[in-house]
Amino acid sequence: MKRFVFVATFVVWLCWAPTASAQYVWQYVTREQAIQKVREIVGDDAAPVEVQYIAPPSLRLGVEALHRLRCNNWEFFICAFNINHWRWTWYYFLDESFYDEPFSEEMLRRRATLSEQEAVAIASSYMQTHYPLPELLNHIEVRSGGGIGRIPAEYTVYFWQRLPNGVYGPSWCRVDVDRVYGRVTGAGCVYYPLLVSTIPILTPEQAFAAAAQQLGLVNAEAGVVDRLFVMYPDPFGWQTLVYRLTVYGDRPGHVWLGYGCAVDAFTGTLLGWDILHGSTQQKGKPIRNTAASREQPVKVDWDGRPVHLNRPALDIGGDAYFWVGYLMAGGERSGLRWYKNGECIVVTGRGQVRLQARQSRYSIAGRQMQASKAPQLIRGRLYVPIEMMRQVLGADIRYDRAKQCVFVRTRE
């Protein structure tokens with residue numbers, strides 16, 4: 001089978017403002033660029049760099065593909081498709097000389113001598129030096145961690161991009177500072193341009209209800225909205241706006257529990273969840289109007305590995321549907337225009353695709369096509385059936401309804 005590779009490119013803004021967005025450009029980071037980035041971070045153009053793993057450019061686009069390198073007993077992870085998304089950790093067990101004095105009772109007594117303000121100053125200096133656009137990061141949070149044995153206690157300082165409306169952007173920086181010597185023992189940098197609307201369509205109450213319904217909770221109660229934030233781009237380059245919140249309730253076969261959830265602020269889709277530790281005694285506000293939705297998110301398996309999509313595929317009437325923007329994969333000058341009458345024009349790698357909500361006829365580069373099912377308008381977004389994805393992308397895509405999973409195969 002001929003390989004196809006999804007290439008994300010910038011597009012025009014959608015005409016429907018509340019969900020306007022554009023695609024992020026994933027750019028492959030070569031071996032030489034990764035080595036140079038490590039030397040730039042450590043501040044030594046001649047530093048010896050050991051390459052442990054270089055992710056090939058054929059891997060699925062996204063934040064999961066990582067280069068791994070080591071320098072001066074520091075281990076670096078660099079996103080293979082974004083050189084401004086990286087982190088490093090100091091391996092204390094490989095570097096006995098990191099401390100000026102041996103492990104001792106005196107060192108234990110001096111564990112917490114560094115104040116939080118001093119740690120923030122050290123971390124701020126590091127961030128200003130290493131972050132590509134430090135002026136973006138205007139909100140600071142500090143967390144304190146205890147030390148174990150030879151490892152000192154440390155402060156972790158987070159620098160967030162926070163917008164005037166309180167929404168957290170997709171860019172941030174983390175710096176670890178040990179509380180004994182005031183040294184930076186780890187750091188992370190995440191930078192992506194903001195390419196999605198920061199105005200949610202769903203209210204927090206609607207987001208709570210959507211999470212409870214999709215988790216199947218009985219007697220559900222709302223907890224708190226921890227934050228509203230822009231999620232990093234998915235493999236296709238698309239961002240989305242997300243509520244991070246907690247809900248409580250009973251599930252069949254489970255005791256009363258709390259759940260930490262990520263809910264799409266435009267559609268209410270549950271993007272992820274986890275059980276909260278020690279949540280059995282918590283109580284919240286009763287959730288009302290949790291009527292079931294007819295569409296269910298489905299998983300996507302890409303060459304044997306699960307894929308996170310910021311706009312998940314949906315099961316509609318027993319068939320899998322994808323958001324129309326994903327038709328643009330592979331287009332060098334991709335674009336998406338959406339009109340209020342339900343018509344959509346998509347510029348793809350195979351030419352211009354014209355389609356209409358609830359109409360099964362569509363065209364590719366002027367050639368008329370007929371699908372067995374029509375695109376559907378779901379909560380303000382147009383979704384196309386899986387057969388249109390196959391036809392436009394030329395990909396091996398199939399849906400297993402029993403497993404609620406779409407399988408994408410790009411390898412021979």
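Among the residues of the range 233-261, those that are surrounded by fewer than 21 Cβ atoms within 10 Å (Cβ to Cβ) and closer than 30 Å to Gln23 by Cα comprise Arg244, Gly260.
Conditions tested, residue by residue: (1) at pLDDT 90 or above; (2) touching a helix residue (DSSP H, G or I) at 6+ places or on another chain (Cβ under 9 Å); (3) of a type in the set (Asp, Glu).
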| residue | (1), (2), (3) |
| --- | --- |
| Pro306 | no, no, no |
| Ala313 | yes, yes, no |
| Glu343 | no, no, yes |
| Val347 | no, yes, no |
| Gly351 | no, no, no |
| Arg358 | no, no, no |
| Ala371 | yes, yes, no |
| Ile378 | no, no, no |
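Looking at the range 339-412, the strands (runs of 3 or more DSSP E) lying wholly inside it that each contain 1 or more residues that are crowded, with 18+ Cβ neighbours inside 10 Å and either among the hydrophobic types (A, V, I, L, M, F, W, C) or in contact (Cβ under 8 Å) with a residue 12 or more places away in the chain (or both) sit at 343-348, 351-356, 359-364, 376-378, 381-385, 396-400, 405-409. Here the strands (runs of 3 or more DSSP E) wholly within the range 146-235 that include at least 2 residues being without any contact (Cβ under 8 Å) to a residue 40 or more places away in the chain and closer than 30 Å to Trp256 by Cα are 218-231. Of all the residues in the range 54-70, those that are assigned to a strand (DSSP E or B) and either modelled with pLDDT under 95 or not hydrophobic (A, V, I, L, M, F, W, C) (or both) number 3.
Does any residue of the range 74-97 turn out to be surrounded by fewer than 15 Cβ atoms within 10 Å (Cβ to Cβ) and either in contact with a helix residue (DSSP H, G or I) (Cβ under 9 Å, 6 or more places away or on another chain) or at pLDDT 95 or above (or both)? No, that holds for no residue.
For the structure I just gave you, tell me whether Phe229 is surrounded by 19 or more Cβ atoms within 10 Å (Cβ to Cβ), within 30 Å of Phe81 (Cα to Cα) and not assigned by TED's automatic domain parsing to the domain that holds Val38. It is true that Phe229 is surrounded by 19 or more Cβ atoms within 10 Å (Cβ to Cβ), within 30 Å of Phe81 (Cα to Cα) and not assigned by TED's automatic domain parsing to the domain that holds Val38. Can you find, within the range 301-314, the residue that is farthest from the chain's Cα centre (by Cα) among those that are assigned to a loop (DSSP other than H, G, I, E, B) and either under 17 Å from Gly272 (Cβ atoms) or aromatic (Phe, Trp, Tyr) (or both)? Out of the qualifying residues, it is Ala313.
Selection of the range 148-206 for residues being more than 29 Å from Val247 (Cα to Cα), aromatic (Phe, Trp, Tyr) and out of contact with any Leu (no Cβ under 7 Å at 6 or more places or on another chain) yields Tyr155, Tyr181, Tyr192.
For the range 315-338: of the residues being modelled with pLDDT under 90 and part of a loop (DSSP other than H, G, I, E, B), which is farthest from Val196 (Cα to Cα)? Filtering first and then ranking leaves Gly317.
Let's see how each residue does on (1) surrounded by fewer than 19 Cβ atoms within 10 Å (Cβ to Cβ); (2) outside the structural domain of Lys37 (by TED's automatic domain parsing); (3) at pLDDT 95 or above; (4) not hydroxyl-bearing (Ser, Thr, Tyr):
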residue	(1), (2), (3), (4)
Thr129	yes, yes, yes, no
Leu137	no, yes, yes, yes
Glu141	yes, yes, yes, yes
Gly146	yes, yes, no, yes
Gly149	yes, yes, no, yes
Glu154	no, yes, no, yes
Phe159	no, yes, yes, yes
Pro164	yes, yes, yes, yes
Gly169	no, yes, yes, yes
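The values are calculated or read from the model by the stated rules, or taken from the named source; none is laboratory data. Computed from a prediction, not measured in an experiment: that's the story for all the values here. A quick note on method: Cβ atoms are made from the backbone with ideal geometry, for glycine too, and the neighbour counts reach across all protein chains shown.
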